[in-house]
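Right, one structure below, let's go through it.
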Amino acid sequence: MILNIFTDIHNLLLGLMSAKAVHITELVLIGVAYLGIFAVLGLFLVWLERRVAGFFQLRLGPNRVGPSGLFQTIADALKLVSKELTGTVKADKQLYKIAPYFVITTALMAMALIPFSQEIQAFDINIGVFFLISVSSIGVLGIFLAGWSSNNKYSLIGGMRTGIQMISYELSVGMAVVTMVVLAGTLQISEIVELQKSGWFIFTGHIPAIIAFMIFMIAGTAESNRVPFDLVEAESELGAGFHTEYSGMRFAYYFLAEFVNMFIIASIAVVLFFGGWLSPFGITDAIPFAGLFWFTVKVIAVIFIFMWFRWTFPRFRIDQLLTLEWKYLLPINMVNIVLMALMVWLGLTF
Amino acid sequence: MSYFSDIINGTKSLLIGMRITGKYFFVNFLTRKDVITEQYPDNLETLNMFDRYRGEVTMYHNENNEHRCDACTLCEKACPNGSIEIISDKELNPETGKNVRYIVKHIYHLEMCTMCGLCIEACPQDAIQWGQNFHHVQYDRGKLTKVLNKPGSKIMIKTKEKK
Ligand code: SF4
Ligand code: SF4
């Protein structure tokens, strides 16, 4: 049904202009649509975070603007838009202005690969998972540049910490993903989801898949710079870390991108471990919009776990952070890959 | 072998932590039972601040509309902000034949008060005390200037015995 709408629009455009122009128009349309999704998603997740945080801390969270305070973040965004864009005199102006767009662009690029449902996926290449991992590591460049170009000690320390953290945890995320790729035997995201029709990978891969999932969740939290791995921002030590010198909309870009990154990490987890847009036991396979529904439910469940982490665990020290990665996660991960390979080879997976 | 026990103990303690916070979340999400948020100003009728809350300085009056203030002005002098003004007068006590000072107006400027409590500590008669009123909002700043002794009130006759 959704597919029909898309083909309808395609045919309508074909009637209006040449094939090449249609191609370009469609690219622009999809880009705009994803920008919209980006903004709405970011605002929604910020609201969710604040609301969830409220309940964790025996509060209520935002509940005045709109039903259940749903429009609170829109009001906040409007406030940020209307604010002056300040900057430091000695900042490296060019880099300082460009840095937020790195973060936004990479988040958008990664989002293009996310299969919201069987039909809605903007970009489905055969090296999908690989592309996702590589693109999401470019995002760190934006944070790094922000820290460097602000010409502020706190920002610089924040940026440097990001570098350390990303280099370390990228490895764990990558290897956890590779473990699942060993099981799937393909890098294409739509195929990975199709393969799970006979059972989600977290069940078919059992022990190594569960270990990989736990590692992925830990490293994913670190990847999206969230508590307890938010050394990059560390309010009590660094002011606001890398975005200390940013204000107004530029700050909002970082803020939204952080939440959208969390969404991306959660989506990857859902695609690799919980069967993407597939319904449990295929109960609603016939209903057209069900894929979107199940995908959203699963992603929000995973995001809730991230939020649960955030409101439970205290922040790491930088040496503890590195110890965790290099002494614990990485060796476990390596053993786990071998284990998974053995299981696949011996046919011990379901 | 402490390496593996570290991993297991670490995971276990993290899960215990998550169980505790998770309980908080789900109990409050489903029932709102322990939520401590006061929904001011929707709850003006039910809003009760705790006993030690410093809402405003008030003067104690007993049921006969009598207070303990003898207009000594110590509270006025103790206040770092000049929030208290004492207006007093003297009147002849026919029994003793002495001029006795009595309070006309104990003026308290809530708008300048920082709730430091120095006046209350300074008062030798314990005439003034903390009130727990939270809702002071006014559109006119003049309304925040209050006279603490109630109209027509008198000073209590002091009992002779010392505490
Ligand atoms: S509480 Fe402090 S500021 Fe207020 S009236 Fe008393 S002495 Fe002055
Ligand atoms: S309130 Fe207390 S300190 Fe102030 S004038 Fe009266 S008796 Fe003196």
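What follows is calculated from the coordinates using simple rules that are stated; it is not laboratory data. These figures come from a predicted structure and were not determined experimentally. FYI the Cβ positions are ideal-geometry reconstructions off the backbone, even for glycines, and counts take in every protein chain you see.
Going from the fewest other Cβ atoms within 10 Å to the most, the residues A:R51, A:R59 appear in the order A:R59, A:R51.
A viscosity of 1.567 mPa s and a temperature of 4 °C, combined with the Kirkwood radius over Cα pairs in Stokes-Einstein, give a translational diffusion coefficient for the stretch A:214-259 of 114 µm²/s. P(r) tail for the stretch B:56-155: Cα pairs beyond 17 Å make up 53% of the total. Label positions at A:I5 and A:M214, each projected 7 Å from the Cα along the C-beta direction, are separated by 4.2 nm.
For the stretch B:57-74, putting each phi into the Karplus relation 6.51 cos²θ - 1.76 cosθ + 1.60 with θ = phi - 60° gives couplings of 8, 10, 10, 6, 10, 8, 5, 8, 6, 10, 10, 9, 6, 10, 6, 7, 6, 5 Hz, in residue order, rounded to whole numbers and with x for Gly and Pro. Taking the centroid of alpha carbons for each part, the stretch B:1-32 and the stretch A:192-235 are 17 Å apart.
If R0 equals 51 Å, the separation of the Cβ atoms of A:L70 and B:L92 corresponds to a calculated FRET efficiency of about 0.10.
Take the Cα of A:I138, step 7 Å toward its Cβ, do the same at A:K83, and the gap between the two points is 2.8 nm. Think of the protein assembly as shown as a dipole: +1 on every Lys or Arg Cβ, -1 on every Asp or Glu Cβ, centred on the Cα centre; then among A:L70, A:N126, B:G131, B:G131 lies furthest on the positive end.
Charge tally for A:A110 (other residues, Cβ to Cβ under 15 Å; Lys, Arg +1; Asp, Glu -1): -4. With neighbour counts taken as other beta-carbon atoms within 10 Å, the residues A:V338, A:V227 rank, fewest first, as A:V338, A:V227. Among beta bridges identified by DSSP and lying wholly in the protein assembly as shown, the antiparallel ones come to about 90 percent. Sequentially through the stretch A:162-167, phi angles give Karplus couplings (6.51, -1.76, 1.60; θ = phi - 60°) of 4, x, 4, 5, 5, 4 Hz, Gly and Pro residues having no value and appearing as x.
Among A:G282, A:G142, A:G61, the largest mean-square fluctuation in a Gaussian network model of chain A, built with springs joining Cα atoms closer than 10 Å, belongs to A:G282. Exposure proxy shown here: for B:D34, B:D70, A:D230, the number of other Cβ atoms within 10 Å sets the order, fewest to most, as B:D34, B:D70, A:D230. Candidates A:M214, A:I167, A:F116 compared by Cα position along the dipole of the stretch A:87-346: farthest toward the positive end lies A:I167, with charges placed on Cβ. Between the C-alpha center of the stretch A:109-182 and that of the stretch B:49-88 there is a gap of 64 Å. Describe numerically, in nm with one decimal, the distance between label points set 7 Å from Cα along Cα→Cβ at A:K153 and at B:Y24. Distance between label points: 3.4 nm. Extension gain, B:T73 to B:F4: 0.36 nm times the residue separation minus the Cα-Cα distance gives 17.6 nm. Farthest toward the positive end of the dipole of the protein assembly as shown, out of B:M59, A:V338, A:Y34, is the Cα of B:M59, where the dipole comes from beta carbon charges about the Cα centre.
Dipole check for the protein assembly as shown: with +1 at the C-beta of Lys and Arg, -1 at the C-beta of Asp and Glu, and the Cα centre as origin, the magnitude is about 1200 Debye.
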